[in-house]
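Okay, structure first, notes after.
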Amino acid sequence: MNRDSNFYTFLFVGIMIVGIASILAFTSQTLKPMQDENVKNEKMQNILSTVGINVSRDEAEVSYKRFITQELALKMDGSVNEKINPFSDLNLAKELKKDYEDQHFPLYVAEIDSEKYYIIELRGTGLWDAIWGYISLKSDFNTVNGVSFDHKGETAGLGAEITKEWFKESFKDEKIFNNEGRLVGITVLKGNNDPNNNDKGDHEVDAISGSTITGDGVTDMIYERINNYLPYLTIINEKVSMR
Amino acid sequence: MKKENIKKPSFLFIGRNSAEGIFSKKNKKLLSDPLDDNNPITVQVLGICSALAITVQLKPAVVMTASVIFVMACSNVIISILRNLIPNRIRIIVFLVVISSLVALVDQFLKAYAYDVSKELSIFIGLIVTNCIVMGRLEAFALGNGVWKSFLDGIGNAIGYGVILILVAFFRELLGSGNLWGMQVVPDFLYESWYVNNGLMLLSPMALITVGVIIWIQRSFNKKLIEKG
């Protein structure tokens with residue numbers, strides 16, 4: 001056959017595309033369960049790390065089942081939607097794009113040595129792309145127990161430093177409510193005159209030099225996401241005070 | 001059918017030229033040439049972008065090398081098998097399709113079996129597609145040579161690329177963060193007395209300078225590379 005004819009070219013391309021597409025589709029389908037498993041275990045690892053449990057990815061599921069006692073999907077009014085599994089069904093990025101009243105937010109409750117911790121999922125925007133993470137609050141729903149952050153494309157060495165241990169460490173024991181009981185969150189602040197972050201009552205942590213916008217993203221993400229949980233908190237508090 | 005047209009069947013075209021052995025001198029040269037005399041990075045200066053990007057640590061550099069070896073060997077073999085079938089006008093498109101599918105396969109396997117590494121390499125695995133070495137070898141070699149030779153050429157060039165990558169990564173990780181393969185090798189007492197890691201080594205410019213130093217050393221040993229002037 002004439003290899004320079006248009007017919008031959010189209011025939012060749014056609015066969016090539018069908019062949020390669022089926023190989024790729026087959027591989028992707030076969031490997032998908034394992035890839036999903038990795039992603040799921042990593043999520044469990046991240047959730048557990050906020051309450052100080054650092055496990056390898058293989059052990060994540062066992063530890064997760066042991067320490068996480070409740071998984072709640074909260075509606076905007078603070079009530080629990082039983083039909084939704086927050087771990088597998090909720091994608092916070094998609095939730096935030098929905099209409100206000102259709103949004104659901106995941107809340108994980110961990111119990112370690114009979115202490116309760118509330119773990120809230122975070123999601124916001126850094127300098128280049130999405131940033132996300134988890135924040136765990138002690139049973140007073142005010143004191144931060146631990147955080148974990150991750151990002152899609154922040155600058156390595158600058159914004160990407162938010163995933164580093166020393167930065168996450170500085171959030172520990174900070175309070176998210178001020179003395180009047182109003183939510184203030186935690187501000188990532190340039191030059192807060194407290195580089196070692198010894199003052200735990202100022203609602204501030206020291207920023208990373210050169211990553212102001214990523215830091216602001218962290219500030220906003222913590223405030224905005226926790227804000228979504230206030231209705232639920234009010235309900236819980238009422239229950240407590242009624243007792 | 002005329003009798004002259006029937007060729008002796010030979011497995012994967014190996015040994016069609018029966019006078020030549022599988023590891024003849026010529027074939028060995030295909031493997032050894034890209035390591036020194038015709039190194040893709042230090043002599044041809046191809047594939048520099050990835051050499052800068054993923055040489056901060058040894059581990060990603062090794063994984064990248066393994067991936068490039070796989071992609072180059074396979075794509076060279078596939079193109080060499082198809083070399084008499086590929087329509088000339090769209091050959092570059094065919095190269096791209098073959099390379100990018102192979103890269104997609106590598107990416108999928110890493111995500112399933114080496115999740116941490118795949119997270120670390122993230123977009124750079126995808127960028128193998130744009131690695132000039134792969135495309136260059138397909139156009140310059142695989143399109144005109146037999147399967148076995150193309151296979152050797154692919155392996156040889158990928159190793160030539162990988163050796164430099166690993167060498168650069170070795171120095172950058174050692175001097176930049178005092179680690180090798182993620183483990184601390186510079187002893188603590190050195191840090192306590194006077195030693196400090198050179199943070200500059202972790203930034204991209206130092207990769208370029210390290211490659212430059214390697215080229216300098218290579219040229220002072222290999223007289224063939226010195227231009228007459």
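Report, in order of residue number, the helices in chain B meeting two criteria: a C-alpha extent of 18 Å or more along the helix axis, and a mean Kyte-Doolittle hydropathy of at least 1.0; treat each whole DSSP H run as one helix.
Values: long enough: B:58-81 (34 Å, 1.88); B:91-113 (33 Å, 1.77); B:147-177 (43 Å, 1.19); B:204-221 (27 Å, 1.31).
Helices passing the filter in chain B: B:58-81, B:91-113, B:147-177, B:204-221.
Return a whole-number percent for the relative contact order of segment B:140-229, with Cα pairs under 8 Å and 6 or more residues apart as the contact set. Relative contact order for segment B:140-229 comes out at 22 percent. Convex hull volume per residue, computed on the Cα atoms of the protein assembly as shown, equals 231 Å³.
Distance from the Cα centroid of segment B:150-201 to that of segment A:166-243 is 40 Å (rounded to whole angstrom).
If a/c stays under 1.5 just call it rounded; otherwise compare a/b with b/c (prolate if a/b is bigger, oblate if not). Do that for segment B:30-71, with a ≥ b ≥ c from the square roots of the Cα gyration tensor eigenvalues. It would help to have the intermediate numbers written out before the result.
On the way: a/c = 2.30, a/b = 1.47, b/c = 1.56.
Oblate shape, in that a/c is at least 1.5 and b/c is the bigger or equal ratio.
Taking amide H atoms as placed 1.01 Å from N in the peptide plane, the amide H of A:Val205 lies under 5 Å from those of A:Thr187, A:Val188, A:Leu189, each 5 or more residues away in sequence or on another chain. In terms of other Cβ atoms within 10 Å, A:Val184, A:Val62, B:Val43 run from fewest to most in the order A:Val62, A:Val184, B:Val43.
Across chain A, C-alpha contacts under 8 Å between residues 6 or more apart give a mean separation that, scaled by the residue count, equals a relative contact order of 14 percent. Backbone amide hydrogens, once placed in the peptide plane, bring A:Leu127 within less than 5 Å of A:Thr214, excluding anything fewer than 5 places away on its chain.
Under the combined filter of DSSP loop state and at most 15 neighbouring Cβ atoms within 10 Å, segment A:66-123 retains these GluC sites (Glu not before Pro): A:Glu82.
Once you have all Cα-Cα distances for chain B, histogram them in 10 Å bins from zero and send the whole-percent values. Whole-percent P(r) values from 0 Å outward: 8, 27, 30, 21, 9, 3, 1, 0, 0. Taking the number of Cβ atoms within 10 Å of each Cβ as an exposure proxy, the fewest-first ranking of A:Thr50, A:Thr219, A:Thr212 is A:Thr212, A:Thr219, A:Thr50.
Summing +1 for each Lys or Arg and -1 for each Asp or Glu among the other residues whose beta-carbon sits under 9 angstrom from that of A:Ile135 gives 0.
Take every pair of alpha-carbon atoms less than 8 Å apart whose residues are at least six positions apart; their mean separation over the length of chain B yields a relative contact order of 32 percent. In chain B, the calculated helix contribution to ellipticity at 222 nm averages -19500 deg cm²/dmol per residue, counting -39,500 (n - 2.57) for every DSSP H run with n ≥ 4. Across all directions, the shadow cast by the convex hull of segment B:60-163 built on its C-alpha atoms averages 5.9 square nanometres. Given a 10 angstrom Cα cut-off, can you work out which residue in A:Ala25, A:Ala207, A:Ala93 is the most mobile in a GNM of chain A? Result: A:Ala25 has the largest fluctuation of those listed.
Pull out a ≥ b ≥ c, the square roots of the eigenvalues of the alpha-carbon gyration tensor of segment A:142-202, then state rounded if a/c is under 1.5, prolate if not and a/b is larger than b/c, and oblate in the remaining case. Here segment A:142-202 falls in the prolate category. For segment A:104-179, lysine pairs with C-alpha atoms less than 18 angstrom apart, excluding pairs fewer than eight positions apart on the same chain, total 9. Partner aspartates and glutamates whose Cα lies under 15 Å from the Cα of B:Lys28, excluding those fewer than 8 positions away in the same chain, are identified as B:Glu20, B:Asp36, B:Asp37, B:Asp153.
Fewest neighbouring Cβ atoms within 10 Å first, the residues B:Ser24, B:Ser75 line up as B:Ser24, B:Ser75. Computed as a quarter of the hull surface, the mean projected area of the alpha carbon convex hull for segment A:58-148 stands at 7.4 nm². Under a Gaussian network description of chain A, with springs only between Cα atoms under 10 Å, the residue in A:Ser63, A:Ser209, A:Ser88 that fluctuates furthest is A:Ser88.
Put a plus charge on the Cβ of each Lys and Arg, a minus charge on the Cβ of each Asp and Glu, and nothing anywhere else: the dipole of chain A about its Cα centre is then about 560 debye.
Shape verdict for segment A:86-243, please, from the Cα gyration tensor: rounded (a/c under 1.5), prolate (a/b greater than b/c) or oblate. Can you show the working numbers first?
On the way: a/c = 1.82, a/b = 1.24, b/c = 1.47.
It is oblate, given that a/c is not under 1.5 and a/b is not larger than b/c.
Can you pull the semi-axes for segment B:72-124, root of five times each eigenvalue of the Cα gyration tensor, sorted largest first, whole Å? Don't jump to the answer; show the numbers that get you there.
Numbers: eigenvalues 160, 22, 9 Å².
Three semi-axes, in Å: 28, 11, 7.
Computed from the alpha carbon positions, the gyration tensor of segment A:1-74 leads to an equivalent ellipsoid with semi-axes of 50, 11, 9 Å, biggest first. Taking θ as phi - 60° and the Karplus parameters 6.51, -1.76 and 1.60, the scalar couplings of segment A:62-69 work out to 4, 5, 4, 5, 6, 9, 7, 8 Hz in sequence order, x denoting glycine and proline. Annotation for segment B:148-214: chymotrypsin sites (Phe, Trp or Tyr not before Pro) lying in DSSP loop with at most 13 further Cβ atoms inside 10 Å of their Cβ are B:Trp181, B:Trp194, B:Tyr195.
Computed from the coordinates by the stated procedures, all read-outs in this text should not be read as laboratory data. Remember, predicted model here, so these are calculated numbers, not experimental data. Counting neighbours? That spans all protein chains shown, and the Cβs are built from the backbone with ideal geometry, glycine included.
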